[in-house]
1. Got at least one residue in region 66-74 being under 16 Å from the mean Cα position of the chain (by Cα), surrounded by fewer than 16 Cβ atoms within 10 Å (Cβ to Cβ) and on the phi < 0 side of the Ramachandran plot?
2. Scan region 18-30 and give yes if some residue there is surrounded by 15 or more Cβ atoms within 10 Å (Cβ to Cβ), touching a residue at least 12 places away in the same chain (Cβ under 8 Å) and among the small types (Gly, Ala, Ser), otherwise no.
3. Restricting the search to region 105-122, which residues are under 14 Å from LEU238 (Cα atoms) and either away from the ligand (no atom under 16 Å from the Cβ) or of a type in the set (S, T, N, Q) (or both)?
4. Among the listed residues ALA11, ALA111, identify the single one that is farther than 30 Å from ALA152 by Cα, of a type in the set (Gly, Ala, Ser) and buried (at least 17 other Cβ atoms within 10 Å of the Cβ).
5. Right, GLU169: in contact with a strand residue (DSSP E or B) (Cβ under 7 Å, 6 or more places away or on another chain), within 15 Å of ASP100 (Cα to Cα) and more than 8 Å from the ligand (Cβ to nearest atom) or not?
6. For ARG66, state whether it is away from the ligand (no atom under 13 Å from the Cβ) and free of Cβ contacts under 8 Å to residues at least 40 places away in the same chain.
7. Of the conditions (1) closer than 28 Å to VAL122 by Cβ; (2) of a type outside the set (A, V, I, L, M, F, W, C); (3) loosely packed, with under 14 Cβ neighbours inside 10 Å, ARG251 satisfies every one except a single condition; which number is it?
8. Which ones in region 17-55 are touching a strand residue (DSSP E or B) at 6+ places or on another chain (Cβ under 7 Å) and of a type in the set (Ser, Thr, Tyr)?
Amino acid sequence: MLEAASWVLAALSATIGEAATTPHAEVLAADPQRTAVLEAVGLVRREGDVLTLHPSLAYADEPTARSAAAARLSSLRQAVAAATQDTVAGSGGGWAEQDDAVLLHQGRASAGTGRALATKAVPALPGLAARLAREGGRILDVGTGVGALALALAHAFPHAHVVGIDIMERVLALARAELADAEPAVADRVSLRHLDVADLADHDTYDLAWLPAPFLTEEALNAAGPRLVDALRPGGWLVVGTQPAPSDPLRRAVAGWQAVRNGGNAYDTDRITLVLGASGLHDARQFHTTPGGPVLVAARCGHS
Ligand SMILES: C[S@@+](CC[C@H](N)C(=O)[O-])C[C@H]1O[C@@H](n2cnc3c(N)ncnc32)[C@H](O)[C@@H]1O
C-alpha cells in the first residue's frame, strides 16, 4: 500500500503537469493505466465514457497548474533524496535549489499573504494602521525573495517605506528586476538588502516587521527574535507567517521532517506563539488566511 501511494503521487504530478497546457480529457485518455491509478483513489471520476479530474485539481490558470505540478514533483524528489540520504544540492529540496521560474512564481504567490497581512491583520492591530498611514512609516520584510510581498505592502500603504532583506543573492537579483518592472510610485518605496536576519542591527526603526518563519533554520529563527524586537519601534508589531500543525500524527511528522530537510524548521503556529512571548513581545494574536494556508501570528513590542 505504501509503495502504491508513491505511484499515486507520481501519476498526479505527471497528470497535473500535462493538464496545464492540454485539455484534461485528452491527458486522461492518453495514458489509461496512469489514469486508472488516479481513478482508484477518487482523483478522476468517470461518468459513462467521460473522464474528469477532481475539481480540486482544476487550477485557475496555467502558471498555478505548473506550480502545483512542480510542488508534487518536488515532494517526490525530496522523498527519494531522503530515502537515499542524499544531501547534495539539486536533490529537489529547498527554496535555494529551485530554478528562477519557480522562485518567481512561488514568490509572486506570496503577494496574497501580503494582502492578507495588509487587509486582515494590520487593521486589527491597535495603532498600526495609523502609524503606517503617516509619512515615515517603515516596514521590514524578512526573506523578501523576489520582492512580491514587499511590493504588495508598499502598494497597500502608500506612505510607508519597505525594506526587504534576504540571504540569497540570486533571489535578490530577481527582486531587483521585479522592482524595475513595477509601478515607480510603489517600487521607489521598496529597498533591498543582502542580509541575514540573524545579523540585523537596525534599532527602533520599523512599525511593522514580517517574518516568514517556516523558511528559516531553527538557529536563524531563534536568533531573529531579539534582533527583531530591537529593530521595532516601541509599540510596533511583529507579524509571523506560520504553518499550523496538521491534525493527524503522520502528516505532522512528515511536515516536520520535510521542513527541516528543506532548510527550514519544524516550529508550528503554537510553538512560534510561545517563542514570541519568550522574546519579550506581548499581546499575541492569530489571523487565519485561506484554509490550509499560513496562520499569521502578531505580537507587539514594548508599549506604544
Ligand atoms: C518563501 S521565500 C519568500 C518569498 C517572498 N515573500 C517573495 O515575495 O518572493 C523565503 C525567503 O526567506 C529567505 N531567508 C531564509 N533564511 C533567511 C534569513 N536567515 N535571513 C533572511 N532571509 C532568509 C530565503 O532566501 C527566501 O528567499
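The values are calculated or read from the model by the stated rules, or taken from the named source; none is laboratory data. Bear in mind that the values here come from a model prediction, so they are computed numbers and not experimental data. Don't worry about glycine lacking a Cβ; one is built from the backbone with ideal geometry, like all the others, and counts go over all protein chains shown.
1. yes
2. Residues of region 18-30 surrounded by 15 or more Cβ atoms within 10 Å (Cβ to Cβ): 18-20, 24, 27-28.
Now narrow it down to the ones that are touching a residue at least 12 places away in the same chain (Cβ under 8 Å): 18-20, 24, 27-28.
When the remaining residues are screened for being among the small types (Gly, Ala, Ser), the result is 19-20.
Yes, that holds for at least one residue.
3. Residues of region 105-122 that are under 14 Å from LEU238 (Cα atoms), as a first pass: 114, 117-118, 121-122.
Selection gives VAL122 alone.
4. None of the other options fit; the residue is ALA11.
5. When the stated conditions are applied, GLU169 passes them.
6. Values: away from the ligand (no atom under 13 Å from the Cβ): yes; free of Cβ contacts under 8 Å to residues at least 40 places away in the same chain: no.
Answer is no for this residue.
7. Exception for ARG251: condition (1).
8. Selection gives THR35, THR52.
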